[in-house]
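Novice: Mind looking over this structure? Questions follow.
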Amino acid sequence: MIDYNNKIFKPVSNTENGETSNETVFHYKQEGNILTSEYSGGKIIKGHLIGLVDKMGNIEMRYHQINEKGELMTGFCSSKPEILSDGKIRLQETWQWTSGDLSKGNSVLQEQ
């Protein structure tokens, strides 16, 4: 299993309907197969996520965040890890809002 504990991730790409950007910083914590993160930056004032990590390092998570407009936004996300040549982790993500317009998107996060 991939250990995400104490790793920092930043988005390298996101679809237009997403709120994260390269200014958003995720601080991951992991205990067993439970993953949590606090994040902020860019359009996001404060956010949290909680998820489960499987044996292959895939993550199923739920998130909520307050954006710069003062809106509470929620959603779910599936992340698939890729180990880069330098040993860092890149996450290919598919997500959907459960608030707002309920649209879907894709993003890529990379370990810093």
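Novice: Just to check your reading of the model, which residue among K29, K55, K46 is more than 20 Å from I89 (Cβ to Cβ) and at pLDDT 95 or above? Talk me through it step by step, then tell me what you get.
Specialist: Working: K29 fails: more than 20 Å from I89 (Cβ to Cβ); K55 fails: more than 20 Å from I89 (Cβ to Cβ).
Only one candidate qualifies: K46.
Novice: Follow-up. Taking E60, is it touching a Cys at 6+ places or on another chain (Cβ under 9 Å), modelled with pLDDT of 95 or more and assigned to a strand (DSSP E or B)? Spell out the reasoning first.
Specialist: Values: touching a Cys at 6+ places or on another chain (Cβ under 9 Å): yes; modelled with pLDDT of 95 or more: yes; assigned to a strand (DSSP E or B): yes.
Yes: the conditions hold for E60.
Novice: Same structure, new question: Considering region 1-45 alone, what residues qualify as being under 19 Å from K55 (Cα atoms), of a type in the set (D, E) and in a loop (DSSP other than H, G, I, E, B)?
Specialist: Once the filter is applied, which keeps residues that are under 19 Å from K55 (Cα atoms), of a type in the set (D, E) and in a loop (DSSP other than H, G, I, E, B), region 1-45 yields only D3.
Novice: Okay, next question. Looking at G51 and the list (1) among the small types (G, A, S); (2) on the phi > 0 side of the Ramachandran plot; (3) part of a strand (DSSP E or B), which single condition is not satisfied?
Specialist: Result: G51 passes all but (2).
Novice: Restricting the first residue to region 65-78 and requiring it to be under 22 Å from T36 (Cβ atoms), which pairs with a second residue that is surrounded by 15 or more Cβ atoms within 10 Å (Cβ to Cβ) and among the small types (G, A, S) meet a Cβ separation below 7 Å and a spacing of at least six or different chains?
Specialist: Pairs that qualify, where the first residue is under 22 Å from T36 (Cβ atoms) and the partner is surrounded by 15 or more Cβ atoms within 10 Å (Cβ to Cβ) and among the small types (G, A, S), are Q65/G47.
Novice: Scan region 79-91 and give yes if some residue there is within 10 Å of the chain's Cα centre (by Cα), over 13 Å from I2 (Cα atoms) and not charged (D, E, K, R), otherwise no.
Specialist: Keep residues of region 79-91 that are within 10 Å of the chain's Cα centre (by Cα), which gives 79, 91.
Narrowing further to those that are over 13 Å from I2 (Cα atoms): none.
Within region 79-91, none of the residues are within 10 Å of the chain's Cα centre (by Cα), over 13 Å from I2 (Cα atoms) and not charged (D, E, K, R).
Novice: Also, I was wondering about something else. Taking only pairs six or more apart or across chains, which ones have beta-carbon atoms under 6 Å, a first residue in region 31-54 that is closer than 12 Å to M73 by Cα and among the small types (G, A, S), and a second residue that is at pLDDT 95 or above and surrounded by 13 or more Cβ atoms within 10 Å (Cβ to Cβ)?
Specialist: Hits for this filter: G47/Y39; G47/Q65.
The values are calculated or read from the model by the stated rules, or taken from the named source; none is laboratory data. Computed from a predicted structure; not experimentally measured. A quick note on method: Cβ atoms are made from the backbone with ideal geometry, for glycine too, and the neighbour counts reach across all protein chains shown.
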